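Asker: After the structure tokens below, expect a handful of questions from me.
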Amino acid sequence: PAARRPTAAAPERTTGKVMAWGAALSFVLAAIYFIKLVYASGWLTPERQLALAFVAGSALIASGLWLARYDRGYAAYLPAAGVVVLYLTVYGAHLHYQLLSAQMALGAVATVSGLAIALGAHFRRSAYAVLAGICVYATPLAMDTLRSSLPELALYFTAWSIVFSACALHEGRRLTYLVPMYLAFL
């Protein structure tokens, strides 16, 4: 059989993936920076900051689901960033601002985790779970809550591990769980 020549679409796919990763990471970093900036400058109350973060995370998820009709591969990155922003919102409300009790935080984390599992099953892309894994395990560093007690942090790390395990089972790929697992060890 004749050797297959690389098509012109191969570089476009690679460039598209790099751009998608960059865009998704930019959204997450922008949300983190925004939350920290408005807190430090006193522009908004913590409740308003968290409400804006919730709206931004929900908008990213909705945008990704809408965009999936046109470009499914790229669209998986937006909901991943949205899930991370929602986790950051709950994490910040509970451990940084102490606005949520442990029971309310558990309910919110369970809700976001259920949404994340459903989105992971919908998109079935390793990029979705790996991006979300990298970002959520960087959350304790970004939110300056390392002084929190172990049981408080265990709630988040347990929920994140369950989400990435479920996504790995849906995809049938180890990478989906291995990257977040190694980040959890760090």
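The values are calculated or read from the model by the stated rules, or taken from the named source; none is laboratory data. Worth saying up front: this structure is predicted, and the values here are computed from it rather than measured. Glycine also receives a Cβ, built like all others from the backbone with ideal geometry; neighbour counts cover every protein chain displayed. When the accessible area is computed, the model is the full protein with side chains, heavy atoms only, and any ligands, DNA or RNA have been set aside. Shrake-Rupley method; radii C 1.70, N 1.55, O 1.52, S 1.80 Å.
Asker: Output the number of the condition that GLY73 fails; it satisfies all remaining conditions of (1) modelled with pLDDT of 85 or more; (2) in a helix (DSSP H, G or I).
Answerer: Only one criterion in (1) modelled with pLDDT of 85 or more; (2) in a helix (DSSP H, G or I) is unmet by GLY73, namely (1).
Asker: While we're looking at this one, here's another question. Scanning for something within 15 Å of the chain's Cα centre (by Cα) and either at pLDDT 85 or above or not β-branched (Val, Ile, Thr) (or both), does the range 169-178 turn up at least one residue?
Answerer: To start, the set of residues in the range 169-178 that are within 15 Å of the chain's Cα centre (by Cα) comprises 176-177.
Still in the list and also either at pLDDT 85 or above or not β-branched (Val, Ile, Thr) (or both): 177.
Checking the range 169-178: at least one residue is within 15 Å of the chain's Cα centre (by Cα) and either at pLDDT 85 or above or not β-branched (Val, Ile, Thr) (or both).
Asker: Here are some residues: LEU65, LEU44, LEU50, LEU25. Which one is at pLDDT 80 or above, open to solvent by less than 60 Å² (accessible area, probe 1.4 Å) and touching a helix residue (DSSP H, G or I) at 6+ places or on another chain (Cβ under 9 Å)? Walk me through how you get there before you give the answer.
Answerer: Values: LEU65 fails: open to solvent by less than 60 Å² (accessible area, probe 1.4 Å); LEU44 fails: at pLDDT 80 or above; LEU25 fails: open to solvent by less than 60 Å² (accessible area, probe 1.4 Å).
The match here is LEU50.
Asker: Looking at LEU119, LEU141, LEU146, which one is at pLDDT 80 or above and either outside any helix (DSSP H, G or I) or under 25 Å from GLY22 (Cβ atoms) (or both)? Can you show your working first?
Answerer: Numbers: LEU141 fails: at pLDDT 80 or above; LEU146 fails: at pLDDT 80 or above.
None of the others qualify; the one that does is LEU119.
Asker: Here's a follow-up. If only one of GLY92, GLY107 is surrounded by fewer than 17 Cβ atoms within 10 Å (Cβ to Cβ) and assigned to a helix (DSSP H, G or I), which one is it?
Answerer: Matching residue, one of GLY92, GLY107: GLY107.
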